[in-house]
Structures are given as C-alpha cells and as structure tokens.
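Working notes, beginning with the structure itself.
The values are calculated or read from the model by the stated rules, or taken from the named source; none is laboratory data. Since the model is a prediction, treat every value here as computed from it, not as a measurement. FYI the Cβ positions are ideal-geometry reconstructions off the backbone, even for glycines, and counts take in every protein chain you see.
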Amino acid sequence: MLKEKLSGWISLIIVYIVWGSTYLAIRIAVQPGAGFEPFTLVTMRLLVSAGFLFLLAYVTRQKMKIPRGERLAVLLPGVFQWLAGNGFITWAEKTVNSGYAALMVATTIIWVTIFEAIIEKKRLSAKTFLILSIGFVGLAFLNIPALGSAEGVDGFGVFVLLFASASWGVGTLIQKYRRTSLTPTVSSAYQQLIGGLAVLVMRFILNEPLPTPTPAAWWAWGYLVVFGGVLAYTAFIIAVRNLPTRIVMTYSYVNPLVALALGWIVLKEEVTVWTLIGAGLIVLSVFGIYKTKSGSAPVD
C-alpha cells in the first residue's frame with residue numbers, strides 16, 4: 001500500500017511540472033505563423049506518442065490485448081480526454097492566451113467534484129465549497145496579468161475551454177470507476193491512439209491545411225509528444241489509480257502556477273503582486289484539499 005501511494009505521489013509531481021509547461025508549448029506551436037493547425041498538431045502528437053508507448057509495452061512484454069469487458073473503459077477516456085479535452089484546449093489556444101486557458105482548465109476539479117458527488121449520491125460539504133472557492137479565487141488572481149495582456153477574450157474560446165475541462169473531468173472519473181487490467185503504459189497507448197484517430201476525423205471535418213511548422217513549433221511538438229504525452233499521461237494514470245481523485249485533481253491548481261513560473265524564467269514575463277496573492281491562495285487550497293479526506297456528506 002505504501003509503495004503504491006509513493007508511486008502515486010511521484011507520478012502526480014510529474015503531472016504538476018510537465019502539464020504545467022504544456023500550455024506554453026501548445027501556444028508556441030499553434031500561434032499565428034507557427035505553421036501548425038490545432039487538430040493537426042494534436043493528431044501528430046497523439047499518434048506518435050501512442051507508437052512510442054506500444055513499442056515500450058512490446059519490448060517489455062506487457063499484456064496488449066484489451067479484455068472484452070474493458071473496451072469501453074479504454075475507449076471512452078481516449079475520446080473524452082484527448083478529443084474533447086486536449087484537442088479542444090489546443091483549438092482554443094489559437095485565439096485565447098495561455099494564461100486564460102490555464103485558468104479555465106482549472107475548473108476541471110470543480111466538474112470532477114460535482115460529477116463524483118452525483119455518482120456517489122453525496123452532498124458537497126460547506127468546507128469543500130470553501131476550499132474549492134479559495135483555489136478558484138487564487139487562480140483568478142494568478143491569471144490577472146495574463147488576462148490584462150490579452151487582446152480581449154474570445155467568447156467561443158471560453159465556451160470551448162469550459163467544455164474541454166468538463167470532458168477531461170468525465171474521462172478522469174471513467175478511469176477511476178471503470179478500471180482496466182492493462183498496465184498504465186498500455187492503457188495510455190490505447191487511449192492516445194483512440195484519441196488521435198478521433199482528432200484526425202475532426203481535422204478532416206474542419207479541412208485543416210497541411211502543416212508548415214517553424215523550428216520552434218517543431219520543438220514544441222516534440223516536447224508535447226515525449227513529455228506531455230508519453231511521460232505525463234502515463235504518470236497521470238498511475239496517480240489516478242493510486243491516489244484519491246480529489247488529490248489528483250489538484251494539478252488543476254498547480255499547473256497554472258508552473259506555467260506562470262516558466263513564463264517568467266524563459267520568456268521574462270512580469271510577476272506582480274497579483275501573482276504572489278494567487279500563489280498563496282493556491283497553496284492554501286491544495287493543502288486544504290489534501291487534508292480533506294472526505295469532502296462530502298451522504299444525501300439524506
């Protein structure tokens with residue numbers, strides 16, 4: 001039990017750091033003039049990542065066949081998390097700045113908490129509402145500088161991000177409640193393959209042009225494949241299997257903090273008093289979620 005919990009925490013730390021950096025990589029790859037259209041980028045990212053993971057599973061002789069009763073448990077997260085989730089986030093980042101995207105995606109933990117309460121027929125406690133509110137307010141403070149630098153918020157982009165966040169939350173809960181006997185590597189490979197094929201269909205529906213990436217866009221794509229897809233998503237599956245969902249979903253609070261720090265270090269972006277206030281509230285919220293072993297009460 002201790003070994004599984006330690007594995008879960010190490011995996012969650014990987015998710016904190018790597019997924020926090022992907023907002024920047026996505027923006028570099030799909031910004032005007034970069035040469036990648038969003039669904040083309042996601043298709044290439046997922047199919048290559050899936051290939052790496054299948055190769056790793058084959059070399060290490062992992063079980064590859066999906067049991068008949070587990071097919072939906074593998075199929076559905078691939079669609080919800082990679083097409084409706086990551087695909088739509090990437091789509092939105094063509095017009096919405098990465099700081100605002102990080103804020104909107106942070107609502108994933110709210111969706112998960114609500115959906116989980118519905119599934120388990122439990123009522124959220126006042127304490128849970130307070131903790132979630134503190135984290136969300138912290139994210140708002142944290143993202144004020146990024147929001148202020150944007151040329152305005154695209155309403156369609158906001159809707160897409162909210163839909164993507166809810167979809168990722170649904171995919172997370174499917175993996176929590178419909179477990180598979182596959183290893184995290186094989187499960188991740190199938191989900192990214194399925195997601196990649198679904199995104200490919202969307203690419204053809206939108207008739208995206210062939211990519212003409214800049215060198216920076218190629219580097220961003222490579223980072224998304226190796227770190228965002230192969231490493232971090234496998235780590236995410238391990239974390240979901242070994243830690244409470246509420247703890248795993250704290251990455252929604254931490255990722256924007258990581259994204260902001262990388263922007264400050266790499267791109268010399270300004271850190272203001274809003275940043276410090278937001279960081280403090282986020283740390284407080286993450287601590288509160290960790291301490292709340294059971295954040296809901298049964299419905300009478």
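Checking the stated criteria, residue 24 turns out not to satisfy the condition of being in contact with a helix residue (DSSP H, G or I) (Cβ under 9 Å, 6 or more places away or on another chain), within 16 Å of residue 189 (Cβ to Cβ), of a type in the set (A, V, I, L, M) and buried (at least 16 other Cβ atoms within 10 Å of the Cβ).
When 228, 222, 196 are checked against the criterion of being under 17 Å from the mean Cα position of the chain (by Cα) and modelled with pLDDT of 90 or more, a single residue qualifies: 196. Within segment 137-153, restricting attention to residues that are in contact with a helix residue (DSSP H, G or I) (Cβ under 8 Å, 6 or more places away or on another chain) and not in a helix (DSSP H, G or I), the residue that is modelled with the lowest pLDDT is 153. Do we have residue 41 as surrounded by 17 or more Cβ atoms within 10 Å (Cβ to Cβ) and either touching a helix residue (DSSP H, G or I) at 6+ places or on another chain (Cβ under 6 Å) or among the hydrophobic types (A, V, I, L, M, F, W, C) (or both) here? Yes; evaluated as a whole, the condition is true for this residue. Residues in segment 1-39 that are touching a Leu at 6+ places or on another chain (Cβ under 8 Å) and hydrophobic (A, V, I, L, M, F, W, C): 9, 12, 14, 18, 24, 25, 26, 29, 30, 39.
Restricting attention to segment 275-291 and to residues that are buried (at least 18 other Cβ atoms within 10 Å of the Cβ) and either hydrophobic (A, V, I, L, M, F, W, C) or modelled with pLDDT under 75 (or both), the residue that is farthest from residue 103 (Cα to Cα) turns out to be 289.
Evaluating residue 101 against the criteria (1) modelled with pLDDT of 85 or more; (2) crowded, with 23+ Cβ neighbours inside 10 Å; (3) in contact with a Lys or Arg (Cβ under 9 Å, 6 or more places away or on another chain) leaves one unmet condition, (1). Mind checking whether some residue in segment 58-69 is assigned to a helix (DSSP H, G or I) and either closer than 25 Å to residue 252 by Cα or of a type in the set (S, T, N, Q) (or both)? For segment 58-69, residues assigned to a helix (DSSP H, G or I) and either closer than 25 Å to residue 252 by Cα or of a type in the set (S, T, N, Q) (or both): absent. Within segment 18-46, residues that are farther than 24 Å from residue 261 by Cβ reach partners that are assigned to a loop (DSSP other than H, G, I, E, B) and of a type in the set (Asp, Glu) with beta carbons closer than 8 Å, at six or more positions or on different chains, in the pairs 37/208; 38/93; 38/208; 39/208; 40/208. Of the set (1) under 21 Å from residue 140 (Cα atoms); (2) in a helix (DSSP H, G or I), all apply to residue 196 but (1).
Here residue 5 meets each of (1) of a type in the set (D, E, K, R); (2) within 20 Å of the chain's Cα centre (by Cα); (3) within 19 Å of residue 286 (Cα to Cα) with one exception, condition (2).
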